[in-house]
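*Asks:* I have a structure I would like to understand better, so I am pasting it below and will then ask my questions one at a time.
Every number here is computed from the coordinates shown, using simple stated rules; none is lab data. These numbers come from a predicted model, not from an experiment. Note that we place each Cβ from the backbone using ideal geometry, even for glycine, and neighbour counts take in every protein chain shown.
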Amino acid sequence: MNKAQSSALRALAAPEWEPTIGTPALSSFEAARGALRRDLTLAFRQRGQLIQPLAFFAMVTLLFPLAVSPQLGRLREIAPGVLWSAELLASLLALEFLFRDDAQDGTLEQYALSGQSLTALLFAKTTAHWLLTGLPLALMAPLAALSLGAPASAVPGILLSVGLGSVTLSLIGAIGAALTLGMKRSGALLSLLTLPLSLPVLIFGARATQLAISGETLVAPLELLGALAVLGITLAPFAAAAGVRISLE
Amino acid sequence: MTWTWFHRLGSPPYVYGLARRLTPWLGWPAALLILGGLWGGLALAPPDYQQGDGFRIIYVHAPSAWMSLMVYTTMAIAAGVGLIWRIKVAHAVAASCAPIGASFTFAALVTGALWGQPMWGTYWQWDPRLTSELILLFLYLGYMGLRAGIEDTQRADRASAVLAVVGVINVPIIHYSVTWWNSLHQAPSVMRLAKPTLPASMLVPLLVMLLGFTLLFGALLLVRLRAEILTRERASSWIREALGA
């Protein structure tokens, strides 16, 4: 455990050994903010990892012009599907970074024992994860779309739809990652758990992207993506916390 | 009102005996209803004026599709009960539901594809109902995969219960988004399955089959539940007595 990790842990831990007795030293909000800052700090100290989902996203996008056809007219038609398939796969790949290290070095156990709300702490971790993988992917998606023949006018719409959709993807992923925590080879299972639940995001996201490319208004699918994100923010952290507690038993 | 009947349902030996006594009471009516329904559907009901005899697969397809959803709901409720009140038997019920539900879903998919061949001219059409059914199959497979991936039974119970509850919240969302997706992307299907109000001679066998399938699910669930309880309680002494060894 390096210095940043241990100091963040000390800040989170309650003063007493029996954590549920007595009030924790920090409010849930402060604890969550601490966890968020810790995750961001750790991620910036190992910047190399952050590039991987982005490179994967670009790589998947590259497959389609090579496999289908280099004509922009044809690529523009399949661009929404390509973008969102790449987005789902890249976010699936990125889930590996969400809990793995913290489960291995015992940080998650400390979180669970700290007397703080595990739901709030995991929400903070998921937020950090979205900032580190979902947001960069959303910023990169318009570039990939342009390379597939989308007009420049579609950029804001694509940015918004991928940004909103990736919030829900991170939250669903957090549930899946929490439930498969501690399994040795969980990759295939994780995809089987999270992809079916992610399909509504794929449907509305691809629809929004399609409307953005053809220059129409995309308010309706964006609102639905927003609704899914709100539902996810409300419920998913509780399920993730339950999953982590079960996996740590 | 006393809650003893409810508390007794938490006891594996009691539930094991209850399941053994109830199985024939569900199994035999299920067999009779399904045979009667098949006779009514295949022999008594008149051929459809558009689809001829092809429509008769509905007597297997529709009840299977109905059961695939009902079993998932049952599984999620049992899992939720197990999660909240920590009742081991409820987890055993949820675990027993999954393979049955996956089989009904698979049957609905296969009969749907077979029905599609004469009606749509293709085995597979990205029809919203069939697509939802396919996604449901993946939800079942994920649930079973998670159970299989965790060795410790209690952890497997609770982790898969969380998944089942999350899944049951998502099933309606997935269903409606798929319906919406399809209505945007495709012209309406050649054949609308929706109700041109079936005449009684066609409807009654369908309802009989539906009831028969529901009872069949109950009987299968009880048999699987007994096997599940025996596996889980293999170290306990009551098993020796129950099996008469």
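*Asks:* Could you pull the Cα extents of chain B along its three principal axes, largest to smallest, in whole Å?
*Replies:* 62, 39, 37
*Asks:* Dividing the Cα convex hull volume of the range A:129-248 by residue count, how many Å³ per residue is that?
*Replies:* Roughly 100 Å³ of hull volume per residue.
*Asks:* Further question on the same structure: Give the angle, between 0 and 90 degrees and rounded to the nearest 10, that separates the Cα long axis of helix A:187-213 from the longest principal axis of the Cα atoms of chain A.
*Replies:* Taking the Cα atoms of chain A, the angle to A:187-213 is about 50 degrees.
*Asks:* Against the globular-protein guess of 2.2 N^0.38 Å, express the Cα radius of gyration of the range B:1-49 as a ratio, rounded to two decimals.
*Replies:* Ratio of Rg to 2.2 N^0.38 Å for the range B:1-49: 1.96.
*Asks:* How large is the convex hull of the Cα atoms of the range A:82-130 per residue, expressed in Å³ as a whole number?
*Replies:* 62
*Asks:* Around A:ARG185, under 14 Å between beta carbons, what's the net of Lys plus Arg minus Asp minus Glu among the other residues? Each step should come with its number before you reach the end.
*Replies:* On the way: positive: A:ARG100, A:LYS184; negative: A:GLU96, B:GLU151.
Residues near A:ARG185 contribute 0 overall.
*Asks:* Here's a follow-up. Around B:ILE135, with a cut-off of 14 angstrom between Cβ atoms, what is the net charge of the other residues, counting Lys and Arg +1 and Asp and Glu -1?
*Replies:* Counting the neighbours of B:ILE135, the net charge comes to -1.
*Asks:* Compute the long axis of helix B:200-232 from its Cα atoms, compare it with the longest principal axis of the Cα atoms of chain B, and write down the angle in degrees, 0 to 90, nearest 10.
*Replies:* 30
*Asks:* Return the whole-Å distance between the Cα centroid of the range B:221-239 and the Cα centroid of the range B:25-64.
*Replies:* The two parts, judged by their Cα centres, are 35 Å apart.
*Asks:* Picking from B:ARG129, B:ARG21, B:ARG56, which is most flexible by a Gaussian network model of chain B using Cα springs under 10 Å?
*Replies:* Highest fluctuation among the options: B:ARG21.
*Asks:* Next question, about the same structure. So what's the net charge close to B:ARG232: Lys and Arg +1, Asp and Glu -1, counting the other residues with Cβ under 10 Å from its Cβ?
*Replies:* Value of the local net charge: -1.
*Asks:* What's the FRET efficiency of B:ARG21 with A:SER28 using the Cβ-Cβ distance as r and R₀ = 60 Å, to the nearest 0.05?
*Replies:* 0.75
*Asks:* Suppose we keep just the alpha-carbon trace of the protein assembly as shown; what are its Rg and Dmax in angstrom?
*Replies:* 25.7, 79
*Asks:* A further question on this structure: Can you give the alpha-carbon Rg of the range A:83-185 over 2.2 N^0.38 Å, where N counts its residues? Could you put the intermediate results ahead of the total?
*Replies:* Numbers: Rg = 15.8 Å, N = 103, 2.2 N^0.38 = 12.8 Å.
Rounded to two decimals, the normalised Rg is 1.24.
*Asks:* Moving to a separate point now. Roughly how tilted is helix A:219-248, in degrees to the nearest 10 and between 0 and 90, from the longest Cα axis of chain A?
*Replies:* Approximately 30 degrees, to the nearest ten.
*Asks:* Dividing the convex hull volume of the Cα atoms of the range A:26-248 by its residue count, what figure in Å³ per residue is obtained?
*Replies:* Given the Cα convex hull of the range A:26-248, per-residue volume reads 115 Å³.
*Asks:* Would you kindly give the portion of the calculated P(r) for the range B:1-87 that falls above 23 Å, as a percent of all Cα pairs?
*Replies:* When all Cα pairs of the range B:1-87 are counted, 50 percent exceed 23 Å.
*Asks:* Identify which of B:ALA45, B:ALA102, B:ALA79 has the largest mean-square fluctuation in a Gaussian network model of chain B, with springs joining Cα atoms closer than 10 Å.
*Replies:* B:ALA45
*Asks:* Which whole-Hz ³J(HN,Hα) couplings does the range A:146-162 yield from phi under the Karplus relation 6.51 cos²θ - 1.76 cosθ + 1.60, θ = phi - 60°, glycine and proline marked x?
*Replies:* Those phi angles translate into 4, 5, 9, x, 6, x, 4, 5, 7, 4, x, x, 5, 4, 5, 5, 5 Hz.
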